[in-house]
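A.B. asks: My structure is below; once you've seen it, I'll send some questions.
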Amino acid sequence: MAPSAHALRGAARAAGRSALRLDRPSSQGYDTPTSGNGRLRLAASIEILYLRFPVHPNITVIQIGPGIQRIDKEGDSFFVVGTEDGPLAGKKVEIPGDNVAAIQWTLDEPAIKTS
């Protein structure tokens, strides 16, 4: 018996939703906030911002690399700081927090849990 048109549309919608999700890298500490010895893992720096809306027609992801020195969080916004020799030299560009869909960061050494 062939599946109904309604069932096929539902399956297509479910497949479309799953394709839009961002995969979270498990090695970056998303799933386990503590290491095996009970110490907290602290974010050392923000590496990649995934944007909800492009800041330019071709830019939906901002990451540390050529031209970008670091990404800082201040209040509800993120600031992209350019390298001295790149197109953002001497500039600090604000990305409002409500435009950030996901963040990927590197982890610092484990810290001792205080509570």
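A.B. asks: When segment 80-107 is examined, which residues are found to be open to solvent by 80 Å² or more (accessible area, probe 1.4 Å) and more than 15 Å from the chain's Cα centre (by Cα)?
C.D. replies: 84, 85, 87, 90, 91, 92, 94
A.B. asks: What's the total number of residues in segment 47-105 that are free of Cβ contacts under 8 Å to residues at least 24 places away in the same chain, hydroxyl-bearing (Ser, Thr, Tyr) and not in a loop (DSSP other than H, G, I, E, B)?
C.D. replies: Result for segment 47-105: 1.
A.B. asks: Now for a separate question. Those residues that are surrounded by 13 or more Cβ atoms within 10 Å (Cβ to Cβ) and over 16 Å from residue 44 (Cα atoms), I need them from segment 70-79; list them, please.
C.D. replies: Passing the criteria: only 77.
The values are calculated or read from the model by the stated rules, or taken from the named source; none is laboratory data. Model, not experiment: these values are computed from the prediction. Because the Cβ atoms are built from the backbone with ideal geometry, glycine has one as well, and the counts that use them run over all protein chains shown. Calculation scope for accessible area: heavy atoms of the full protein, side chains included, ligands and nucleic acids excluded. Shrake-Rupley method; radii C 1.70, N 1.55, O 1.52, S 1.80 Å.
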